[in-house]
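First the structure, in the form of structure tokens, and then the observations on it.
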Amino acid sequence: MVVPCIWERFDLAKMRISLNLSLAKKVLILVFLPVFFELSFLAAVYVMLEQSEAERQRETHAREVAGQVNALLRLILEAGTSSVLSYMTNSSTYYRRYRQLSENFNAQANILRQLVHDNEHERTVYSRMAAINLRVMQELKSTDESFKLGDKSASMAVWLKMQSDMADLFKLADQLVEEQQVLQKAKTSSQAHYREQVKALIVVAALLNIILAALLALYVNRGTTRRLKSLVENTQRLAANQPLSDALPGDNDEIGALDLAFRNMAGALSEALSKERAVLENAADIICTVDHEGRFITANPATMAVWGYSPDDLLGLRLTALLPPDQVEKTLTALQAMGRGKDSGSFEAVIKTKSGFLCQTLWLVRWSENENALFCVVHDITESRRIENLKQEFVAMVSHDLRTPLTAVRGFLSLLTANAYGQLSANGLQSLAMAEQNVDRVINLVNNILDVERLEAGQLNFDLKDLLLDPLLGDCIRVVTAMAEDKQITLHCVSPLRLTVYADAERVTQVVLNLLSNAIKFSPEGKTVEVVTSIVEGDVQISVIDQGRGVPAELRGQIFERFRQAQVTDGKKHLGIGLGLAICKTLIEQQGGTIGVEDGPGGIGSRFWFRLPEGGKIN
């Protein structure tokens, strides 16, 4: 076919206006261009129809004028003839006919005058005819009067004069009729010409409409449809992990912006996949996917380092092949439960490595809808379990093999202090006091370690109830009074309200004693340590304020962590391993409270505070 070849060779890009049109503007062009063409066509047809109608009206006018002139001429002839015959035959019938025609003449003349009113030439001819008509009518009247008087010779003279005037009238009438006939023929020809023009315009408009529709179809196909197909193809290529096709040609419209955004997204996705692949390949943990039957679908290279199996060795292999017999049922039950529930979770399993070593693992599992499989991250916890066991053994040893002898030693030292074995010398008493202090410190250290382990294991019970703070704080101050007197430190309690807290009395006492001991330990001699209670944000706040070295702002977020202490700046060595504040923090938080530290009043010293829920008022 010739036409397809022509269209294939037709380069629409040469016709494309070099403007950056948006898609919305292109749509407007596609809509309004055909509308503009159709409106132009309708306007042209309307103009031609108006011209044809005008020609038709002029033709009708010519026909009406010619007809009316002929009617007037007939009236004059009939009136004159009836007048003559009425007196020649002395017939009343012809006379009545004459009178009737004379009366109709003026009405018909008015009609003709209205018809020629808008045409100057016709109006001039009509004026001449009207003047002659007036003379003829006067002559008819004169003839009628002469007949009535019996003066036939006078009437005949008038009648002959009337015949001359009627000849002039007929001549003007014939001229006007001929002009109207010529005009009528011309207008008929013009109407035929306009009809032909309308037919030609309709044919041309139809052809142009077809051409415009074809061009717009090509424009849409090239500028929109084809580019959208390219976008769809690129999405399929991206889903199939294939390279994208070339960038879309054309204007920088919304499709171009979408293509650019899609390519940027594809680039970012490719980069993210590369990073993900790098993470998977270099991860220390095993990352794999397992189907609903327990077969490995994918696995990262970490399997070689942890289990001794390469990823290729595991593909298609059932997980049960790596499990000891006593672990098979438990592990498969956990996997199948997560697969059925399409949920995430974790479980532990023992894996038999390629070398026969039993590896304890923690599986973090999540159901993947896209892969219809379980996405698993397997962490080797063999070493952490070994360390946990060692820690438990250490705690058991400390609890049974260390604290018991220390308690016995502390009891023996108490007997020596009570002179149960005789009076000691001054040096002996001094050495005994030092020994008691060291034993107390070691016992306190052992108790702190045991408290930390019990808190971690959730084995520390809390007896929560309403506590009146005044007597509890008073007891705490009395406990540390001797320690404060040794450094000449004054203890002061400010508790203006009889406040209660909902907490465990033993644990609150433990926290207050720890904060008071630290305040005394880090305060210079001769200073004051205050305990202040107040209501802050609906909770009861207990503050321990010292005038010591303070806590640097950069350490306030770390000082409540284990084995953390504020940096010593006073040149003195302070004993402790940094567990006291960590224990205080855990004890307060498990009772629903908060704890913190800030500068003391005026920026001097420190204010350690903790808040607990307020209890009922005690009267």
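For the reader, a short list of remarks on this structure follows.
- Filter result for the condition that a residue is part of a helix (DSSP H, G or I) and modelled with pLDDT of 70 or more, over L455, L429, L467, L424: L429
- Leading residue by the ranking (modelled with the highest pLDDT) among those in the range 493-535 that are acidic (D, E) and not in a loop (DSSP other than H, G, I, E, B): E530
- Note on the range 332-357: residues that are touching a Ser or Thr at 6+ places or on another chain (Cβ under 8 Å) and within 18 Å of D380 (Cα to Cα) total 5.
- Checked against (1) more than 28 Å from I588 (Cβ to Cβ); (2) modelled with pLDDT under 75; (3) surrounded by 11 or more Cβ atoms within 10 Å (Cβ to Cβ), M434 meets all criteria but (3).
- Residue in the range 291-303 that is part of a helix (DSSP H, G or I), closer than 18 Å to F357 by Cβ and either at pLDDT below 90 or charged (D, E, K, R) (or both) present: yes
- When L323, L402 are screened for being modelled with pLDDT of 85 or more, in contact with a helix residue (DSSP H, G or I) (Cβ under 7 Å, 6 or more places away or on another chain) and surrounded by 13 or more Cβ atoms within 10 Å (Cβ to Cβ), only L323 passes.
- Verdict on S102 being closer than 30 Å to A167 by Cβ and either modelled with pLDDT under 70 or of a type in the set (F, W, Y) (or both): yes
- Which listed residue is touching a helix residue (DSSP H, G or I) at 6+ places or on another chain (Cβ under 8 Å), among the hydroxyl-bearing types (S, T, Y) and either at pLDDT 70 or above or assigned to a helix (DSSP H, G or I) (or both), from T225, T235: T235
The values are calculated or read from the model by the stated rules, or taken from the named source; none is laboratory data. Treat the numbers as computed from the prediction; the structure is a model and nothing was measured. FYI the Cβ positions are ideal-geometry reconstructions off the backbone, even for glycines, and counts take in every protein chain you see.
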